[in-house]
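A short worksheet on the structure shown next.
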Amino acid sequence: MWSFETEPEFQRELDWIDEFVRAEVEPLDYILGSQWNIHAPAFQRLIRPLQARVKERGLWACHLGPALGGRGFGQVKLALMNERFARSRFGPIVFGAQAPDTGNSEILAHFGTEEQKEKFLKPLLANEIVSCFSMTEPQGGADPMVFTTSAVEDGDIWVLNGEKWFASNARFAAFYIFMAVTDPEAPPHKRMSLFLVPADTPGIEIIRNYSFHGEAEESHGHIGLTNVRVPRSSMLGRRGEAFAVAQARLGGGRLHHAMRVVAEATKLLEMMCERVVSRETKGELLASKQMVQEKIADSWVQLRQFRLLVLETAWLADTGKDWKAIRTNVAAVKAIMPSILHDIAQRALYLHGSLGLSTQMPFSAAIINSYHVGLADGPTEVHKVTIAREVLKGVTPSTTLFPSYLRQTREDHAAALYRDLID
Ligand SMILES: Cc1cc2nc3c(=O)[nH]c(=O)nc-3n(C[C@H](O)[C@H](O)[C@H](O)COP(=O)(O)OP(=O)(O)OC[C@H]3O[C@@H](n4cnc5c(N)ncnc54)[C@H](O)[C@@H]3O)c2cc1C
């Protein structure tokens, strides 16, 4: 069965989301600070009532199953919802579907012990707290083999030492998920484990917070870990299984980033369209110029292609439920999304002229954000390598000097096959 239709009942929910976000959530982007600063008085006053409306409507944390307070909608519906609510930077948190908490809650749900779920997952799902996933280190992020942060056993305690880098929301998080080397002599992918560590554990220091242009507050932490002592029960998943657990998180995480990019690029395209039907030059609308039309057409096509890839990947995730099996799709989504956002943002900027370049418009920030989505969760190059590796897996090399599809070879084969039926 193959269908692009949305059930009428769910379409009603999407329409409600669209209206609600445009009218009540999007305006907050202009007056509030970081969307993870959940204890700020303004967040409490403005965001909590909106979250209550979403909960009342039954649209809270929809990526999770009913046992965890969600609706178990799965990835396709989540993608369609994100397309509406992620046009506002507060949309995801108003709907209980913000990164990195979505991914962190998924691995806690899958790999956490009952005690860990009670302590970390429950308040996380209620957005009473936010979390941070911290694996990157200052000496390199794209190659986890260079990570050196260590966890050493001391009786019933693990002692963590090292430095972590660009850990998003570190300063607002109630707990961290740290990746640390527990078994230095093990094979490369079995050396590290994950630890759930409350943010107020002695020995954790945020050395400095970083931000990129367009962000409301500095919130990517350079973290120092000095003799951070945590109980044995802090390990998330099995010892040496950090990559396997993180991978489960990154599949969904990457797809959710892509869904948010669809929303952001859609919004930029809407702005571009309004501009070209409003602005005149040399006696006619920008929209009448063919080179402008090309920009609109290319943007629409690129966005549509990307949206289809995202939805196909979401559908595969919902039907197969196995991120590993669909890693080519996930890597493709991750690899292409920076250029989609970048291309559409730069066309939108350019078509707005000097105004487009100014800070009154969101285009420069969107261009920078395209580099954010390219780098976070691993740079584009690494994902292209994955795509190529998967695509080439199982491809049989030609055993002759010329390719197996040489026309002469194919003609000889066809002639032999249908010898009796052709003149
Ligand atoms: C906004 C933002 C938020 C982030 N949030 C988090 C977070 O919450 N938690 C966390 O742990 N990390 C986070 N990161 C870190 C992110 O995962 C790393 O930035 C990323 O993995 C790249 O690592 P790096 O910055 O050290 O760059 P490097 O590893 O030094 O790579 C630099 C460049 O080298 C090239 N390159 C690298 N590897 C290859 C290759 N195999 N083939 C070809 N070229 C290559 C690419 O052009 C790459 O951009 C975040 C990053 C950003 C920008």
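Set the Förster radius R0 to 41 Å, insert the Cβ-Cβ distance between Ala297 and Lys122 as r into 1/(1 + (r/R0)^6), and round the FRET efficiency to 0.05.
0.25
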Please work out, to two decimal places, the log10 of the ratio I(q)/I(0) at q = 0.06, 0.09 Å⁻¹ from a Debye calculation in which every Cα of the chain carries one identical scatterer.
-0.30, -0.63
From the P(r) of the stretch 105-150, could you give the percentage of C-alpha pairs in the tail past 12 Å?
66
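Where does the stretch 295-370 land on the Kirkwood hydrodynamic radius, alpha-carbon pairs, in angstrom? Intermediate values should be presented prior to the final figure.
Numbers: mean 1/r = 0.0731 Å⁻¹.
Hydrodynamic radius (Kirkwood, Cα pairs) of the stretch 295-370 is 13.7 Å.
State whether the stretch 131-236 is rounded, prolate or oblate according to the following rule on the C-alpha gyration tensor (a ≥ b ≥ c being the square roots of its eigenvalues): a/c under 1.5 gives rounded; otherwise a/b larger than b/c gives prolate, and the remaining case gives oblate.
Details: a/c = 2.27, a/b = 1.41, b/c = 1.60.
Oblate is the answer for the stretch 131-236, as a/c is 1.5 or above yet b/c matches or exceeds a/b.
Which entries in Lys122/Lys384; Lys117/Lys384; Lys282/Lys334; Lys77/Lys122; Lys77/Lys190; Lys122/Lys393 show an alpha-carbon gap greater than 30 Å?
Working: Lys122/Lys384 36 Å; Lys117/Lys384 35 Å; Lys282/Lys334 41 Å; Lys77/Lys122 23 Å; Lys77/Lys190 35 Å; Lys122/Lys393 41 Å.
Table pairs above 30 Å Cα-Cα are Lys122/Lys384; Lys117/Lys384; Lys282/Lys334; Lys77/Lys190; Lys122/Lys393.
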In the stretch 82-169, the GluC sites (Glu not before Pro) that sit in a DSSP loop and have at most 14 other Cβ atoms within 10 Å of their own Cβ are Glu128
Residues of type lysines that Lys289 reaches as a straight line, Cα spacing below 29 Å, ignoring anything fewer than 8 places off in the same chain
Lys267
Helix-only CD estimate at 222 nm, as mean residue ellipticity for the chain, using -39500 (n - 2.57) per DSSP H run (n ≥ 4)
-15000 deg cm²/dmol
At R0 = 56 Å, FRET efficiency that the Cβ-Cβ distance of Ile157 and Thr359 yields, to 0.05:
0.70
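Got a sec? How would Ser211, Ser234, Ser131, Ser354 order by Cβ neighbour count within 10 Å, fewest to most? Could the numbers behind the result be given before it?
Numbers: Ser211 12, Ser234 22, Ser131 26, Ser354 7.
The order, fewest Cβ neighbours first, is Ser354, Ser211, Ser234, Ser131.
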Span from the the stretch 224-271 Cα centroid across to the the stretch 364-419 one, whole angstrom:
28
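Give the residue list of trypsin sites (Lys or Arg not before Pro) in the stretch 253-343 that are DSSP loop and have at most 12 other beta-carbon atoms within 10 angstrom. Could the numbers behind the result be given before it?
Numbers: sites: Arg254, Arg260, Lys267, Arg275, Arg279, Lys282, Lys289, Lys295, Arg304, Arg307, Lys321, Lys324, Arg327, Lys334; in loops: Arg279, Lys282, Lys289, Lys321, Lys324.
Sites meeting the loop and neighbour criteria: Lys282, Lys321, Lys324.
Any read-out appearing in this document is the output of simple, stated calculations on the displayed coordinates, not a laboratory observation. In this text, all values refer to a predicted model and were calculated from it rather than measured experimentally. Using ideal geometry, Cβ is built from the backbone for each residue, glycine included, and neighbour counts are taken over all protein chains shown.
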